[in-house]
Amino acid sequence: MLRVAVAVQPRPYEVLIESGLLARAGAMLREVLPPVKRVFVVSVARVRKKWARPLMTSLQEAGFLPHFLEMPDGER
């Protein structure tokens, strides 16, 4: 698995890259968010249309109630 550090302030984060990761995303998130039930996924339309189904399935199998929030393309 490739890990990429994103050093934005005030809260840097890490991005994980690996083939098939969406199918394991729910289980991985369950390890760090054990008591949480509801999760929100922020995406753009084109990405959501292509990847929402496998991510939604993975999250539901891990016991999450996922909700997708669609944003317009681009950042300000």
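Considering only alpha-carbon pairs that sit under 8 angstrom and 6 or more positions apart, the relative contact order computed for the chain is 31 percent. The overall shape of the chain, judged from the alpha-carbon gyration tensor, is rounded, with an a/c ratio under 1.5. Accessible surface calculations at 1.4 Å, restricted to protein heavy atoms, place the chain at 83 Å² per residue.
Applying both filters, DSSP loop and at most 14 other Cβ atoms within 10 Å, to the GluC sites (Glu not before Pro) of the chain gives Glu18, Glu75. Sparsely packed loop sites in segment 24-67 (the trypsin sites (Lys or Arg not before Pro) outside DSSP H, G, I, E and B with at most 10 other Cβ atoms within 10 Å) comprise Lys37. In the neighborhood of Met1, defined by Cβ-to-Cβ distances under 12 Å, what is the net charge if each Lys or Arg adds +1 and each Asp or Glu adds -1? Taking every Cβ under 12 Å from that of Met1, the sum is 0.
Taking amide H as placed 1.01 Å from N in the peptide plane, the amide H of Val41 sits under 5 Å from that of His67, Phe68, Leu69, each at least 5 places away or on another chain. Counting heavy atoms of the protein chains alone, Ser58 has an accessible area of about 10 Å² for a 1.4 Å probe.
Taking every DSSP bridge with both residues inside the chain, close to 40 percent are antiparallel.
The values are calculated or read from the model by the stated rules, or taken from the named source; none is laboratory data. Keep in mind that this is a model prediction, so the values were computed, not measured. Neighbour counts run over all protein chains shown; Cβ positions are idealised from the backbone, glycine included. Side chains are part of the model used for accessible areas, which takes the heavy atoms of the whole protein and leaves out ligands, DNA and RNA. Shrake-Rupley method; radii C 1.70, N 1.55, O 1.52, S 1.80 Å.
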